[in-house]
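The values are calculated or read from the model by the stated rules, or taken from the named source; none is laboratory data. Everything numeric here is computed off the predicted structure, so don't read it as measured data. Quick reminder, even Gly has a Cβ in these numbers, built from the backbone with ideal geometry, and neighbours come from all protein chains shown.
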Amino acid sequence: MGKQQNNTGGIDRRSFLKRTALAGAAMCIVPTLERVNAAERTITGKSERASSMASISKQRTLGSGNAAFTVSAMGFGCMGLNYHRSEHPDEQTAIRLVHEAIDRGVTLFDTAESYGPFTNERLIGKALKSYTHKVNVTTKFGHKYVNGVQVKTEEDSSPANIRKVCENSLRSLGVESIAMFYQHRSDPNTSIETVAETVAQLIKEGKVQHFGLCEVNADTIRRAHAICPITAIQSEYHLMHRTVEDSVLPLCRELGIGFVPYSPINRGFLGGLINEYTQFSPNDNRQTLPRFQPEAIRKNLRIVEVLNSFGRTRGYTPAQIALAWLMHKGDFIVPIPGTTKLSHLEENLRAANITFTADEMNELETAVSAIPVTGSRYDALQESKVQN
Ligand SMILES: NC(=O)c1ccc[n+]([C@@H]2O[C@H](COP(=O)([O-])OP(=O)(O)OC[C@H]3O[C@@H](n4cnc5c(N)ncnc54)[C@H](OP(=O)(O)O)[C@@H]3O)[C@@H](O)[C@H]2O)c1
């Protein structure tokens, strides 16, 4: 039989089959080779940074003076690892992801008593065991629990409760001192002065290192800061929610307070993987949020399209554009995106190296602002708990 020539680019059939077999084998061994390389890096002590692995080496300082706290320029929001998101990895996988983040230079991990509740702190405590000398975990107090069940209509920042949460958090996190203790939501029954005095006392006792507040207005920040210097305000901030630009961010700049934008990818929406058909599981709080109802999602996708087209010609994903935009809004800003996936962790960390010119920032903001945001970020009860 003569040599068979078919659509193989002019090579004979036997060579073609040999080459495709080799290509198939190569595809199988590449992951193995990567593991061998990783092992070699460990054995030879060669820095992981020398590989193509995404990492973050930039740092930023939250707060100033005695309240200064230097951390990786991007942190890791731990909530979604086992709370409020649809897919939760098993414990070992979640712990591995936290270790991957540490390997990539992340030194700021964020949790709260209320995530779980209680279980997120315990998970992070396990994950950070034997790493607490090189990374920091911040947590939050202030929600009210009776027999482990949240009383959603009330908050509790009484000194007794702050102290109780502090002791529990120290135990769950396995640390001697909490790197930063935030008030999660303000408590109408406890003045902010009393809260600040209580945290100042915990700082004196060495149980807490830094003080933070979430979702508070400029007046509350000034009053609290006068008693116990604040290291950071943690509030929602991203391209679809910019309220803090009115008075909170200018005040942070004025007083030398850091800012930690939470839900920096708008709970995943700005990552472009959510559409009106996305099903959130019952444990995922997005199913209850007005902005995540199908009609709102459908309308708001125009904003993601802006990020897509802005990023496409520059080689960036929409999540990277969202994070890089935040980081360009001030060097006192440290976003804490959450993820359950190594690929997203790497993608997000790479955003710290993106630079925009002032014209590009302007172009992006103008295009996004031209599209009205549909649906409020919170339901009425949750909205009543944030200060504007
Ligand atoms: N102080 C407060 O009141 C408050 C409130 C809410 C949150 N927080 C803090 O902020 C942290 C982050 O908030 P968040 O989880 O609500 O919102 P987020 O960080 O804006 O978004 C997280 C979601 O985005 C997805 N995601 C991450 N990277 C992505 C990428 N590159 N491309 C596409 N999708 C991506 C994740 O899914 P995958 O798992 O699939 O990646 C996850 O569902 C929390 O962990 C918590 O520490 C604080």
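Descriptive notes on the structure:
- Condition check for L301: within 11 Å of the ligand (Cβ to nearest atom) and surrounded by 13 or more Cβ atoms within 10 Å (Cβ to Cβ): no
- Exactly one residue among R223, R314, R298 is basic (K, R), out of contact with any Lys or Arg (no Cβ under 7 Å at 6 or more places or on another chain) and either in a loop (DSSP other than H, G, I, E, B) or modelled with pLDDT under 95 (or both), and that residue is R314.
- Only one of the listed residues (L301, L323) is in contact with a Pro (Cβ under 7 Å, 6 or more places away or on another chain) and over 20 Å from Y378 (Cβ atoms). That residue is L323.
- Test: residue in segment 74-97 that is under 24 Å from L326 (Cα atoms), of a type in the set (A, V, I, L, M, F, W, C), touching a helix residue (DSSP H, G or I) at 6+ places or on another chain (Cβ under 8 Å) and away from the ligand (no atom under 12 Å from the Cβ): no
- Only listed residue being of a type in the set (S, T, N, Q) and either farther than 18 Å from G77 by Cβ or surrounded by 20 or more Cβ atoms within 10 Å (Cβ to Cβ) (or both), chosen from T340, T313: T313
- Filtered residues of segment 182-218 (kept if in contact (Cβ under 8 Å) with a residue 60 or more places away in the chain, outside any strand (DSSP E or B) and either of a type outside the set (D, E, K, R) or touching a Pro at 6+ places or on another chain (Cβ under 9 Å) (or both)): H184, S186, Q209, H210, V216, N217
- Helices (runs of 4 or more DSSP H) (entirely within segment 319-384) containing at least 2 residues that are farther than 20 Å from G271 by Cβ: 358-369, 380-384
- Any hit, segment 203-210, residues being modelled with pLDDT of 95 or more and within 16 Å of the ligand (Cβ to nearest atom): yes
- Selection within segment 200-234 - acidic (D, E) and touching a strand residue (DSSP E or B) at 6+ places or on another chain (Cβ under 6 Å): E215
- Condition check for A296: within 15 Å of the ligand (Cβ to nearest atom), of a type outside the set (D, E) and under 24 Å from V244 (Cβ atoms): no
- Qualifying residue in segment 112-121 (condition: of a type in the set (D, E) and more than 10 Å from L173 (Cα to Cα)): yes
- Failed item, numbered, when K58 is tested on (1) over 28 Å from W325 (Cβ atoms); (2) more than 16 Å from the ligand (Cβ to nearest atom): (1)
- Residues that are buried (at least 16 other Cβ atoms within 10 Å of the Cβ) and touching a Leu at 6+ places or on another chain (Cβ under 9 Å), drawn from segment 376-388: R377, Y378, Q382
- Cβ pairs under 6 Å, 6+ apart, first in segment 265-289 and more than 18 Å from K341 (Cα to Cα), second near the ligand (Cβ under 10 Å from one of its atoms) and among the hydrophobic types (A, V, I, L, M, F, W, C): R286/F280; Q287/F280
- Residue that is surrounded by the fewest Cβ atoms within 10 Å (Cβ to Cβ), among those in segment 227-275 that are assigned to a loop (DSSP other than H, G, I, E, B) and among the β-branched types (V, I, T): I274
- Answer residue from segment 304-358, given it is within 24 Å of H88 (Cβ to Cβ), more than 13 Å from the chain's Cα centre (by Cα) and among the polar types (S, T, N, Q) and is nearest to the ligand (Cβ to nearest atom) among those: T317
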